[in-house]
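Take a look at the structure set out below.
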Amino acid sequence: MTQNIYDDDGFFAGYSQLPRSLDGLDAAPEWPSLRALLPALAGLRILDLGCGFGWFCRWAREQGAAHVRGIDVSEKMLARARATTPDAAIAYERADMEMLRLPEAAFDLVYSSLALHYIAGLDALVAQIHGALVPGGRLVFSVEHPIYTAPRQPGWVTDDNGNRRWPIDGYLVEGPRSTDWLTKGVIKQHRTLATYLRMVRESGFDLTNVEEWGPTDEQIAALPTLAVERQRPAFLLIAAQR
């Protein structure tokens, strides 16, 4: 079962004050790059996995999407989304993506922003997404970059004499990572870049774009604190077609 950290009162209070929570898509520095991976949305049936406050759902409708279904595990996030969405063509649903069952050939686009790195059973979910898309349908998603999720947990493997030999975790050791972000003990799933690409390809998709996101010169000029993101890519953006 997915950890529902977003319904923790302290986490939700902190998350609600982030720029992307207050000002939506335009406050997310990776949004222009993610938006460039999207097809024209007019007339499309769209699924947003990890829809949060519903910013993308509403934007997709503004672009002419026929219907948008937003899924999130957090009731607090969905309550905010529903309160700011007076649109019958947008449906919000509380669901755990670890146990999600999607209808066959029901969507033209499946989109997800910074949600799939919480999912342990991502192989199964990506396979479901493939089946839920019509032929030619698109998958576009972002996750925290594996370089960002990789830092090892404290601890060492020891030999028979109790001597420290090597770290317990590292980039090539995949699995859950506990991090302190807005609150203690937020669990994210670390995967290598190769694993993300493999699971998309092995589910039957054709990869169309892969981007290790970093800020542009223009973004740094407007917000100099973004320069630190040049040290390592913060996000991995992937687009694929069924």
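The values are calculated or read from the model by the stated rules, or taken from the named source; none is laboratory data. Since the structure is predicted, the reported quantities are computational estimates derived from the model, not experimental observations. Because the Cβ atoms are built from the backbone with ideal geometry, glycine has one as well, and the counts that use them run over all protein chains shown. For the accessible areas, the whole protein counts, side chains as well, though only heavy atoms, and no ligand, DNA or RNA atoms are used. Shrake-Rupley method; radii C 1.70, N 1.55, O 1.52, S 1.80 Å.
Which GluC sites (Glu not before Pro) in segment 86-144 sit in a loop by DSSP (not H, G, I, E or B) and have at most 14 other Cβ atoms within 10 Å of their own Cβ?
Passing both the DSSP loop test and the Cβ count: E104.
Restricting to bridges with both residues inside the chain, how much of the DSSP beta-bridge set is antiparallel, in percent to the nearest 5?
Percentage antiparallel, nearest 5: 55.
L114's amide H: which non-local residues (gap 5+, or another chain) put their own amide H closer than 5 Å, with H modeled 1.01 Å from N in plane and none for Pro or chain starts?
S142, V143
Take the Cα radius of gyration of the chain and divide it by 2.2 N^0.38 Å, with N its residue count; two decimals is plenty.
My calculation over the Cα atoms of the chain gives 1.04.
Could you please state how large a percent of the accessible area of the chain is carbon and sulfur, counting protein chains only and using a 1.4 Å probe?
Solvent-exposed carbon and sulfur of the chain make up 53 percent of the total.
Within segment 65-80, name every residue whose backbone N is under 12 Å away from a label modeled 7 Å from Cα of D7 along the Cβ vector.
Residues 72-79 fall inside that zone.
Under a crude label model (7 Å from the Cα following the beta-carbon direction), how far is A106 from I147 in nanometres?
3.8 nm
Between T225 and E98, what length comes free when the chain is fully extended (0.36 nm per residue of separation minus the Cα-Cα distance, one decimal in nm)?
Gain on stretching T225 to E98: 42.2 nm.
Can you give me the relative contact order of the chain as a percent, contacts being Cα pairs under 8 Å and 6 or more apart?
Reported as a whole number, the value is 18 percent.
Measuring with a 1.4 Å probe in the full set of protein chains, what accessible area per residue, in whole Å², belongs to segment 35-140?
On a per-residue basis, segment 35-140 sits at 38 Å².
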